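Undergrad: Got a structure here, written out as structure tokens. Questions coming.
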Amino acid sequence: MFRELPPLPLLLYLADREGRLVWRSAQAFAVIEPPIARRADWKRAMKWLPRRVRAMGWLARNWQLIAPPGPAAISLIIAIPLALISSETTWAAALLIVGGLGLVAADMVVGMARLIWSLLRSTSADMSDDDIFGNEVRGHHWTITFFHAVVPHDIDGLCIDASRRARKLTKTFMPDDSAFGSGYVGVRAENFTGADVRTLVGELPSLQSVPRTDWFVIGATKDFERPDHDAVRPLSGIRLILFATLAGLGVSALLVASFERQACSAEDCGARPVTFTKALVWIAKHVYFQFPSPATVPSQIFGVLVTILVPVMAACIVMTLKWRIRYQRARRDLMYKAVERMAHGPTVAIVAVNEIECGAVEEAFAARVPGLIPKPGKAGAKAVTLLGAHGGARIVLAQSEQGTVGAGSMPWTVDNLIKYFDPTFLVLTGVCYGLKAHDLDGGSQRLGDVVVATQLCAVDHRKLTTRPDGSQYEINRGPRPEAASDLLSHARALGRHRIPKVHFGPMLSLNTLVNSKEERARLQALNEEAVAGEMEAAGLYAAAEQAKCDWILVKGISDWGVQKTDEHQASAARHAADFVADLIAQIDLGAAANPH
């Protein structure tokens with residue numbers, strides 16, 4: 001008979017020192033417990049605690065292992081020196097040893113029987129869903145082991161606090177391991193104090209009830225990923241089992257030799273195992289179910305105990321080795337999956353047109369990725385530049401020729417990028433001319449500002465016709481696609497209060513390098529809401545639309561489409577490239593692909 005759990009004050013003290021006590025007030029607090037399978041990680045993380053606190057933590061976590069064999073271990077510790085003191089104390093030592101080994105053997109036999117019974121139940125219909133899910137939650141997820149709330153409105157907030165604390169502790173103290181899948185917090189109805197509180201838990205928005213069980217979960221999402229059980233490190237005690245077995249055989253040999261020497265005279269011991277070596281051989285024969293004689297009754301008792309104990313320990317070792325082999329294979333598979341995800345992870349393809357624009361992109365990413373060295377790569381016949389990883393994605397930069405027609409132009413470049421890299425989305429960056437200039441048009445644009453296209457207007461596809469009065473007019477027939485809505489939402493959030501200013505609106509695209517006041521006025525008349533114009537976006541859209549690939553246009557204003565110079569190209573291109581790099585970091589495709 002023993003306490004299943006250590007005293008509550010000890011548990012609360014340890015939870016507080018380890019950061020597992022979620023405290024709102026004396027009337028509202030909870031204790032969370034890390035997954036059993038991550039106990040080794042948690043133990044390593046708690047090394048900063050004082051030694052006495054770590055010792056108390058070890059005692060609390062191993063209480064169920066220490067309490068049953070505790071008396072047996074004490075009897076063995078006392079018996080060993082008694083057996084070595086004198087022949088008069090040998091019988092007392094023998095009784096202690098027999099009792100201790102008997103308790104150990106009984107505990108191991110009972111434990112093995114319970115393990116076998118649990119395995120049999122797990123393959124039958126007798127094991128309830130509550131038991132199955134409970135074992136899963138305690139093994140691989142955080143759990144609330146004690147939940148105290150007197151006021152009902154504290155319950156929901158305390159549940160959310162517990163979930164946040166579990167995530168924080170996992171991120172801070174435990175290494176990232178995809179074997180554990182998505183994390184959540186589990187709590188059982190019986191862990192809530194008070195019958196009134198238990199009746200309310202099913203109505204709380206933060207708690208999701210698990211069907212056909214007494215369990216609730218906090219923090220589960222639609223992107224939940226289950227753990228890979230075989231890849232979770234199994235509990236191992238091979239060295240402890242081997243040491244206990246060898247120590248038990250050695251002590252038994254010492255005692256058997258002592259018993260046999262006392263039972264015979266020095267001249268007439270015959271084949272009795274009166275020395276340690278002979279006693280050890282005599283005991284070893286019992287492992288093969290041989291029962292040599294002659295021997296005294298105490299020696300025969302030891303022989304029977306060894307006959308039971310050694311096979312049980314051997315079975316434990318075999319099962320542990322099988323679990324270990326299965327674990328190593330699963331970890332190997334997990335490693336290869338991680339390598340495959342790296343090779344086929346999210347990719348962002350950035351396209352620019354001239355050397356200044358490409359150089360601006362490289363400089364922007366070099367400023368954000370320490371030690372970045374751009375590397376050459378290929379997208380089929382197209383040369384590209386690999387800019388490493390940023391925002392959880394592989395960054396690929398390609399330079400296109402100007403315009404949308406001809407060899408090496410934008411459609412051919414984008415087609416190769418999509419075919420060989422399968423990017424999550426495309427970004428066209430560089431420079432453009434503004435159509436809402438502060439000085440020319442009374443707008444808010446200044447040189448160096450950034451423009452993000454909400455809509456693309458391809459103006460090359462048009463119809464020219466004559467009115468009855470002889471005047472000519474133009475009808476635009478080009479497509480007007482919109483940039484990806486999720487990319488735009490991130491861009492708008494990033495663009496608020498940013499300097500240089502970020503402008504949003506339609507962008508014109510045509511195969512004409514505009515440096516004419518009249519042409520600029522004509523384009524403004526075609527679309528009064530247009531904020532900028534450029535030459536290549538229509539080609540990017542045409543290729544991206546065929547592959548159903550998301551895209552966004554981000555450009556810097558280098559001129560107004562009249563009196564062009566190269567004076568502001570470098571700064572405008574850099575401002576746009578900085579915005580692109582920050583946008584990719586904000587989207588964080590790595591976190592989106594691995595929400596746990």
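The values are calculated or read from the model by the stated rules, or taken from the named source; none is laboratory data. Because the structure is a prediction, the values reported are computed rather than measured. Quick reminder, even Gly has a Cβ in these numbers, built from the backbone with ideal geometry, and neighbours come from all protein chains shown. Ligands, DNA and RNA are excluded from the accessible area calculation, which covers all protein heavy atoms including side chains. Shrake-Rupley method; radii C 1.70, N 1.55, O 1.52, S 1.80 Å.
Undergrad: For region 182-209, what are the residues that are small (G, A, S), on the phi < 0 side of the Ramachandran plot and assigned to a loop (DSSP other than H, G, I, E, B)?
TA: Selection gives S182, G183, S206.
Undergrad: Could you check M507 against (1) at pLDDT 95 or above; (2) farther than 11 Å from Y433 by Cβ; (3) not hydroxyl-bearing (S, T, Y) and say which number it fails?
TA: Among (1) at pLDDT 95 or above; (2) farther than 11 Å from Y433 by Cβ; (3) not hydroxyl-bearing (S, T, Y), M507 violates only (2).
Undergrad: Let me ask something else. In region 528-541, is there at least one residue being over 44 Å from the mean Cα position of the chain (by Cα), over 20 Å from D415 (Cα atoms) and in a helix (DSSP H, G or I)?
TA: Scanning region 528-541 turns up no residue that is over 44 Å from the mean Cα position of the chain (by Cα), over 20 Å from D415 (Cα atoms) and in a helix (DSSP H, G or I).
Undergrad: Looking at region 373-385, I want the residues that are β-branched (V, I, T) and have a partner that is surrounded by fewer than 11 Cβ atoms within 10 Å (Cβ to Cβ) and not in a loop (DSSP other than H, G, I, E, B) with Cβ atoms under 8 Å, at least 6 apart or on another chain. Which pairs are those?
TA: From residues that are β-branched (V, I, T), the pairs are V384/P376; T385/K375; T385/P376.
Undergrad: Check off (1) open to solvent by 20 Å² or more (accessible area, probe 1.4 Å); (2) within 30 Å of V98 (Cβ to Cβ) for T404 and give me the number that stays unchecked.
TA: (2)
Undergrad: Could you list, in sequence order, the residues of region 363-392 that are in contact with a strand residue (DSSP E or B) (Cβ under 6 Å, 6 or more places away or on another chain) and at pLDDT 90 or above?
TA: F365, P374, K375, G377, V384, T385, L386, L387
Undergrad: While we're looking at this one, here's another question. So which residues in region 496-511 are assigned to a loop (DSSP other than H, G, I, E, B) and touching a residue at least 40 places away in the same chain (Cβ under 8 Å), if there are any at all?
TA: Those that are assigned to a loop (DSSP other than H, G, I, E, B) and touching a residue at least 40 places away in the same chain (Cβ under 8 Å): R498, P500, K501, L510, N511.
Undergrad: Continuing with this model, one more query. Criterion first (under 30 Å from L321 (Cα atoms) and at pLDDT 85 or above) does T143 satisfy it?
TA: yes
Undergrad: So in region 448-474, with the set limited to residues that are among the acidic types (D, E), assigned to a loop (DSSP other than H, G, I, E, B) and under 23 Å from T512 (Cβ atoms), which one is most open to solvent (accessible area, probe 1.4 Å)?
TA: That would be D460.
Undergrad: Tell me the residue from I283, I308 that is on the phi < 0 side of the Ramachandran plot, buried (at least 19 other Cβ atoms within 10 Å of the Cβ) and assigned to a helix (DSSP H, G or I), please.
TA: Going through I283, I308 in turn, the sole match is I283.
Undergrad: One residue is enough: does region 148-156 have a residue meeting the conditions within 21 Å of the chain's Cα centre (by Cα) and either over 28 Å from Y327 (Cβ atoms) or not hydrophobic (A, V, I, L, M, F, W, C) (or both)?
TA: No, because not a single residue in region 148-156 is within 21 Å of the chain's Cα centre (by Cα) and either over 28 Å from Y327 (Cβ atoms) or not hydrophobic (A, V, I, L, M, F, W, C) (or both).
Undergrad: Scanning for something open to solvent by less than 10 Å² (accessible area, probe 1.4 Å) and over 23 Å from T404 (Cα atoms), does region 504-526 turn up at least one residue?
TA: No: region 504-526 contains no residue that is open to solvent by less than 10 Å² (accessible area, probe 1.4 Å) and over 23 Å from T404 (Cα atoms).
Undergrad: Within region 457-471, identify whether any single residue is at pLDDT 80 or above, within 24 Å of F425 (Cβ to Cβ) and of a type in the set (A, V, I, L, M, F, W, C), and answer yes or no.
TA: Yes, because at least one residue in region 457-471 is at pLDDT 80 or above, within 24 Å of F425 (Cβ to Cβ) and of a type in the set (A, V, I, L, M, F, W, C).
Undergrad: Just checking, how many residues over region 542-554 are part of a helix (DSSP H, G or I) and either open to solvent by less than 30 Å² (accessible area, probe 1.4 Å) or of a type in the set (F, W, Y) (or both)?
TA: Qualifying residue count, region 542-554: 2.
Undergrad: If you don't mind, there's one more thing I want to ask. For region 52-73: of the residues being open to solvent by 50 Å² or more (accessible area, probe 1.4 Å), modelled with pLDDT of 75 or more and not charged (D, E, K, R), which is nearest to R38 (Cα to Cα)?
TA: In this case the residue turns out to be W58.
Undergrad: Sticking with this structure for a sec: Here's a check for you: in region 423-438, which residue that is farther than 17 Å from L487 by Cβ and open to solvent by 30 Å² or more (accessible area, probe 1.4 Å) is farthest from the chain's Cα centre (by Cα)?
TA: Among those residues, the one meeting the criterion is H438.
Undergrad: Here is a follow-up. Restricting to region 200-243, and then to whatever is modelled with pLDDT under 65, of a type outside the set (D, E, K, R) and out of contact with any Lys or Arg (no Cβ under 7 Å at 6 or more places or on another chain), can you tell me which residue is farthest from G183 (Cα to Cα)?
TA: The extreme case among them is G237.
Undergrad: Which one of the conditions (1) hydrophobic (A, V, I, L, M, F, W, C); (2) out of contact with any Pro (no Cβ under 8 Å at 6 or more places or on another chain); (3) surrounded by fewer than 21 Cβ atoms within 10 Å (Cβ to Cβ) does A383 fail to meet, given that it meets all the rest?
TA: (2)
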